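First the structure, in the form of structure tokens, and then the observations on it.
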């Protein structure tokens with residue numbers, strides 16, 4: 001009876017000897033996955049940084065954005081902002097206009113570059129004001145507040161669009177991109193925002 005038992009024991013021993021040892025292959029895979037994830041995160045961060053850096057004008061660059069204002073049912077746009085190169089405090093500014101309907105953006109310092117080169121800064125330099133509820137602008141435009149009536153008796157409200165797409169929020173916070181067409185309109189709710197006209201820059 002001992003012989004079969006020994007034969008069984010010998011078979012088990014041979015099976016253990018022939019069975020390949022299990023290698024710990026999970027660690028290299030984990031390391032490789034971590035490296036890929038970290039590299040991907042770094043690439044995304046660099047890409048976003050590059051887009052942010054190029055999303056608004058830097059000192060030394062010269063960008064342009066068209067700004068047009070419509071009020072109620074007027075047949076055409078209001079007169080553009082008059083030419084200015086100095087703010088109300090007498091300092092020379094790099095966000096200005098030549099009276100041609102364009103915001104000229106060639107920042108002189110970091111305070112008016114990048115995300116600081118906004119519609120609000122452009123308006124403020126001239127001593128005017130704009131937000132999502134009202135605006136006070138140049139010439140005959142004057143002051144308009146949400147709820148004020150247009151000549152046809154309908155209440156108007158401040159609405160704005162960029163490149164034909166209606167936007168929400170405060171237009172003063174918008175940092176124009178090079179070549180943008182911005183329309184600010186005081187019109188009744190439901191009325192289509194007028195299209196931006198074709199204007200020509202008088203100066204670079």
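A few points about this structure:
- In terms of its Cα atoms, segment 63-188 spans 45, 28, 22 Å along the principal axes, sorted from long to short.
- Per-pair calculated FRET efficiency, R0 = 30 Å: residue 199 and residue 133 via Cβ, rounded to 0.05: 0.65
- Relative contact order for segment 54-96, counting Cα pairs under 8 Å that sit 6 or more residues apart, in percent: 21 percent
- Relative contact order of segment 63-188, taken over Cα pairs closer than 8 Å and 6 or more residues apart, is 30 percent.
- Three semi-axes describe the equivalent ellipsoid of segment 122-204; taken as square roots of 5 times the Cα gyration tensor eigenvalues and ordered largest first, they are 22, 16, 13 Å.
- Protection proxy ranking, peptides 175-184, 117-126, 193-202, average beta carbon neighbours within 10 Å, highest first: 117-126, 175-184, 193-202
Here, each number is a calculation from the coordinates, and none is a lab measurement. Worth saying up front: this structure is predicted, and the values here are computed from it rather than measured. Heads up, the Cβs are rebuilt from the backbone with ideal geometry, glycines too, and the neighbour counts pull from every protein chain shown.
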